[in-house]
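Below is one structure, written out as structure tokens; the observations come after it.
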Amino acid sequence: MAPAMRGVLWGLVAFFVFNAATLAVDPSAESPYASQVSVTVGWFAAMIAYLLGIGGLEAVARPMFGLSDTWREAPGWRRYFGFSTDHKVVGLQYMLASAGGFLVAGLVAMAMRYQLMTPYLTIFGSTSDYLTAVGIHGTIMMFSVATVFMVGGLGNYLVPLMIGTNRTVFPKLSGLSVWLVPFGILTVALSPLLGGFTTGWRGYQPLAGSDTNGILFYYLGIVALTTSSFMVALNLTTTIIFRRAPGVTWNRLPMFAWGILTVSLLNLIWLPEIQITYLMNLAERLVPLNLFNANGSPAMYLDLFWLFGHPEVYIVVVPALAVWNEILPVMGKKSLFARPVAVLGLVFVMLLSGLVWAHHMFTNIRATEQLPFSFFTEMISIPTGFAYLAAIGTLWRSRLQVNTPTLLVLMSMFNFLIGGLTGLFLADVPINYQIHNTFWVVGHFHYTIIGGMVFSSLAAMYYWLPKFSGRMFNEFWGKFGAIWIFIAFNATFGNFFVLGLRGMNRWVPVYPGYLVPENVWTSIAAFVLGAGFLFHAAHLWWAWYRGEKADENPWGARTLEWQTSSPTPEVNFSRPPIVAANFYSYGDDAPPVLWAGDASHAD
Amino acid sequence: MALDTYDPSEESSLASRRGGLGILLAAQAVIPVVLISVRFLLASESVGPVNQVLGVLAAVLGLVAAYLGIQARGAASRGERAGYDSLLGWAVASAVLSIALLIVQWIAFYGTGTSPGSPYGEVFYVMSGTWLMYLLIAAFVLFAARVRGRRVAYGPDNYWDVEAATLFMSFVSLVGVVTYLFLYLI
């Protein structure tokens, strides 16, 4: 039996057994089939059994107790359906799981936009059902796509290659953690079975206290997804610190590795914070306690959530900023401008990101508390601007090759600029009061996250496709798809600003009739955007298997991942690469990256 | 930078594992910090009807488990099989006893009639519950290190499992002390 199938089967059996056993002794059971406690116990048992079934039993549990490691990875494509210690397999597993989350949450978004074409309820039976859809969309997008695709997917695949090592420090950790992503996505997506939840991705209290039991699957799903991201952050941070090849000094560390390192540090700080917050929420629900309800402190929950929630935005975006400065010097064949400033920008964004959280709570806090958060929020645009500075300086007078990855990077820069500028309005307290909780806010964060991170992820997929698959995409169709989603994206989310200024509130499926025409156009643009993303997925899939054979280093890049054959061989480097020069120096006088006596190319 | 960072020797591999575990424990320190903040935000400086003796004993037993683990690590690094087996056994026993004392404290606290939903009640159960969860994990990894040691003899080149379990237990013992200070005294 395939390990994935075995994991699912063991997980299901464990859930039913532990749910039934807990139910038998739970005096608070509100139904003969399940209670809050029994579902929670069953879920934890299912998670452990599922991870053991995936391959954790043979590869982790047995060796932990001194028994031999009997795990054997399946050959060929089947290795992607089980536990693996190969960082390249794990990276692709993360990308696929994350893309699955994007599909699920994207389809939910399409349903939401269909609903919003009319000012009364149509496909959703109640406002609670609509809010559950909003919550599932936001939770899956944030915790399994935005946080995961670049760090878990691209990070696991590329960082070891970029720093010149053959494996990560804790390969078994990432081998297991990736399987928590589909588990977490399914948990959140199945929350309607327990009644759904109306709080959105933020789990706001005291609203969550009056929700049905669906909120349990929201908490538990996030525990699984954040645990996965935490494990990745731990592994990649340790790997970057301890496994760099000779000559990959901090001054030479590739930009993307810097991006992954900074967000991993953010993950290591803020994910435990949000996890203990969600575990407290869970305890509040099960015991019950009064931590965050009207008898406790709902404002404390807001603080605890946004302490994580705003750094989360930078966890999502910082790797995207790094990708820009990874791709542009290569495509422009020009040395990266002001590299130390670009690195400092990433680091200072990381440092400042923990000082801005209360700008999400301007309507809840005193005027004296608003000023510092308004100040720091506006200040964080300065180190963010460093990434732009480096990118624009690199573009200046370069011989830019405007191909699909470049085009997507330029689009991402434009979108993120709009996201950043509209964020400045929100950082300003008087304006924030006027547009708080309107579609302006929704437009702003979609411009930063989709416009910044998703466009950059697509750019990265096209840029590194020859490395992943050994094949090249079709340039015409790549550009066609890029222009398609750029127009559809701006038509959709640009309209959100107009809707917000005209009084369209978030979280409502029923709205005044005068907003119908604007909503109809926005929904049509959203459907076109959704189709555009499917087009890119289909194109990349086709190129992966049917595209032209690519050269080993089709872009003439200098970073280490391009110094091995493409697609990447089983063993990344047959001999240690010894780095002797900067990765981003281009021009006729640029010294070779590898030490002259080195022959690190794998056969 | 030496070549061994590329193809790690056992020594550099051990250094990277130690570094990784250190990063893990530093990240986990965020959790007690959050809980201490919650404790003061919800219950101010009030201390409920807790049994100080039980609290002290639970914290001290955690420290004892960590100390025994450190001794076991030393014995494992010297390949003294009987020594590390016995010391790990006592470390597990100390951790389990600490767990038992916390459970007794829960029962005793509940018996005082303090509601779990009262401000001090909820911070008591949340903070001590987190301490309990860490102790359970630490007892488990110490136990696993002992069982493994009976099958795979530890020696000068192979004692990472004992060291990792011990470092984790040391972290948990500090969590216990901090929890005791902020929950029972301050």
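The values are calculated or read from the model by the stated rules, or taken from the named source; none is laboratory data. The structure presented is a predicted model; accordingly, all values stated were derived computationally and were not measured. Glycine gets a Cβ as well: all are built from the backbone with ideal geometry, and neighbour counts include every protein chain shown. Calculation scope for accessible area: heavy atoms of the full protein, side chains included, ligands and nucleic acids excluded. Shrake-Rupley method; radii C 1.70, N 1.55, O 1.52, S 1.80 Å.
Can A:PHE425 be described as under 23 Å from the mean Cα position of the chain (by Cα) and either outside the structural domain of A:GLY332 (by TED's automatic domain parsing) or modelled with pLDDT under 95 (or both)? The answer is no for A:PHE425. Checking each residue in the range B:146-186 for being within 18 Å of B:LEU63 (Cα to Cα) and either assigned to a strand (DSSP E or B) or within 14 Å of chain A (Cβ to nearest Cβ) (or both) picks out B:VAL162, B:ALA164, B:ALA165, B:PHE168, B:PHE171, B:VAL175, B:THR179. Scanning the range A:135-191 for residues that are within 14 Å of chain B (Cβ to nearest Cβ) and surrounded by fewer than 24 Cβ atoms within 10 Å (Cβ to Cβ) gives A:ASN166, A:ARG167, A:PHE170, A:PRO171, A:LYS172, A:LEU173. Checking the condition β-branched (Val, Ile, Thr), surrounded by fewer than 18 Cβ atoms within 10 Å (Cβ to Cβ) and within 14 Å of chain A (Cβ to nearest Cβ), which residue from B:VAL60, B:VAL38, B:VAL96, B:VAL33 passes? Among B:VAL60, B:VAL38, B:VAL96, B:VAL33, only B:VAL33 is β-branched (Val, Ile, Thr), surrounded by fewer than 18 Cβ atoms within 10 Å (Cβ to Cβ) and within 14 Å of chain A (Cβ to nearest Cβ).
Name the residue, out of A:PHE242, A:PHE230, that is open to solvent by 10 Å² or more (accessible area, probe 1.4 Å), facing chain B (nearest Cβ under 8 Å), within 15 Å of the chain's Cα centre (by Cα) and not polar (S, T, N, Q). Let's see the steps before the verdict.
Details: A:PHE242 fails: within 15 Å of the chain's Cα centre (by Cα).
Exactly one of A:PHE242, A:PHE230 is open to solvent by 10 Å² or more (accessible area, probe 1.4 Å), facing chain B (nearest Cβ under 8 Å), within 15 Å of the chain's Cα centre (by Cα) and not polar (S, T, N, Q), namely A:PHE230.
Whether any residue in the range A:332-355 is buried (at least 21 other Cβ atoms within 10 Å of the Cβ) and among the β-branched types (Val, Ile, Thr) is what I want to check. Yes: the range A:332-355 contains one or more residues that are buried (at least 21 other Cβ atoms within 10 Å of the Cβ) and among the β-branched types (Val, Ile, Thr).
For first residues located in the range A:531-544 and touching a residue at least 24 places away in the same chain (Cβ under 8 Å), partners that are surrounded by fewer than 20 Cβ atoms within 10 Å (Cβ to Cβ) and outside any helix (DSSP H, G or I) and lie 6+ apart or on another chain with Cβ distances below 6 Å form the pairs A:ALA543/A:ARG471. Could you please give the count of residues in the range A:358-375 that are in a helix (DSSP H, G or I) and either more than 25 Å from the chain's Cα centre (by Cα) or within 15 Å of A:VAL313 (Cα to Cα) (or both)? The number of residues fulfilling the criteria is 12. Of everything in the range A:175-203 that's under 18 Å from the mean Cα position of the chain (by Cα) and modelled with pLDDT under 95, which residue is nearest to A:SER98 (Cα to Cα)? Here the answer is A:TRP201.
Going through A:GLU570, A:GLU548, A:GLU561, A:GLU552 one at a time, which residue ends up being in contact with a helix residue (DSSP H, G or I) (Cβ under 8 Å, 6 or more places away or on another chain) and open to solvent by 70 Å² or more (accessible area, probe 1.4 Å)? Give the steps one after another, and end with the answer.
Numbers: A:GLU570 fails: in contact with a helix residue (DSSP H, G or I) (Cβ under 8 Å, 6 or more places away or on another chain); A:GLU548 fails: in contact with a helix residue (DSSP H, G or I) (Cβ under 8 Å, 6 or more places away or on another chain); A:GLU561 fails: open to solvent by 70 Å² or more (accessible area, probe 1.4 Å).
It is A:GLU552.
Filtering the range A:432-444 down to residues that are modelled with pLDDT of 95 or more and open to solvent by 20 Å² or more (accessible area, probe 1.4 Å), which residue is farthest from the chain's Cα centre (by Cα)? If you could, list the steps in order and put the result at the bottom.
Going residue by residue through the range A:432-444, those that are modelled with pLDDT of 95 or more are A:438-444.
Filter once more, keeping what is open to solvent by 20 Å² or more (accessible area, probe 1.4 Å): A:440-441, A:444.
Working: A:TRP440: 22, A:VAL441: 20, A:HIS444: 17 Å.
Only one residue tops the list, namely A:TRP440.
Take the conditions (1) at negative phi; (2) surrounded by fewer than 16 Cβ atoms within 10 Å (Cβ to Cβ); (3) of a type outside the set (Phe, Trp, Tyr); B:ILE70 misses just one of them, which is (2). For the range B:173-186, the count of residues that are open to solvent by less than 40 Å² (accessible area, probe 1.4 Å), under 17 Å from the mean Cα position of the chain (by Cα) and among the aromatic types (Phe, Trp, Tyr) is nonzero.
Being outside any helix (DSSP H, G or I) and either more than 10 Å from every other protein chain (Cβ to nearest Cβ) or among the charged types (D, E, K, R) (or both) is a property that A:ASN251 has.
Looking only at the range A:266-296, which residues are over 11 Å from B:GLU122 (Cβ atoms) and more than 9 Å from chain B (Cβ to nearest Cβ)? I'd like the intermediate steps shown before the answer.
In the first step, residues of the range A:266-296 are kept if they are over 11 Å from B:GLU122 (Cβ atoms); the result is A:266-279, A:281-282, A:285-286, A:294.
The answer is A:LEU266, A:ILE274, A:TYR278, A:ASN281, A:LEU282, A:ARG285, A:LEU286, A:ALA294.
Within the range B:121-142, the only residue that satisfies the criterion of being more than 16 Å from B:ALA95 (Cβ to Cβ) and of a type in the set (Ser, Thr, Tyr) is B:TYR125.
Is it true that A:ASN437 is within 21 Å of A:ALA526 (Cα to Cα) and in contact with a strand residue (DSSP E or B) (Cβ under 7 Å, 6 or more places away or on another chain)? Lay out the reasoning, then the answer.
Details: within 21 Å of A:ALA526 (Cα to Cα): yes; in contact with a strand residue (DSSP E or B) (Cβ under 7 Å, 6 or more places away or on another chain): yes.
Yes, satisfied.
The set of residues in the range B:107-133 being more than 11 Å from chain A (Cβ to nearest Cβ) and in a helix (DSSP H, G or I) consists of B:ILE107, B:ALA108, B:PHE109, B:TYR110, B:GLY111, B:TYR120, B:SER128, B:TRP131, B:LEU132. Regarding A:LEU103, is this residue in the same structural domain as A:LEU465 (by TED's automatic domain parsing), closer than 26 Å to A:MET162 by Cβ and either part of a helix (DSSP H, G or I) or open to solvent by 40 Å² or more (accessible area, probe 1.4 Å) (or both)? Criteria not met by A:LEU103. Of everything listed in (1) surrounded by fewer than 24 Cβ atoms within 10 Å (Cβ to Cβ); (2) assigned to a loop (DSSP other than H, G, I, E, B), the single unmet condition for A:PHE83 is (1). Filtering B:LEU136, B:LEU87, B:LEU142 for residues that are open to solvent by 40 Å² or more (accessible area, probe 1.4 Å), of a type outside the set (S, T, N, Q), over 30 Å from A:PRO298 (Cα atoms) and within 14 Å of chain A (Cβ to nearest Cβ) leaves a single hit, B:LEU136.
B:GLY55: closer than 30 Å to A:ASN267 by Cα and not charged (D, E, K, R), yes or no? In short, no. Among the residues of the range A:192-224, the ones that are in contact with a Ser or Thr (Cβ under 6 Å, 6 or more places away or on another chain), under 13 Å from A:TYR301 (Cβ atoms) and either open to solvent by 20 Å² or more (accessible area, probe 1.4 Å) or of a type in the set (D, E, K, R) (or both) come to 1 in all. Taken together, the residues in the range A:24-80 that are β-branched (Val, Ile, Thr) and either over 21 Å from A:ALA224 (Cα atoms) or open to solvent by 30 Å² or more (accessible area, probe 1.4 Å) (or both) amount to 6.
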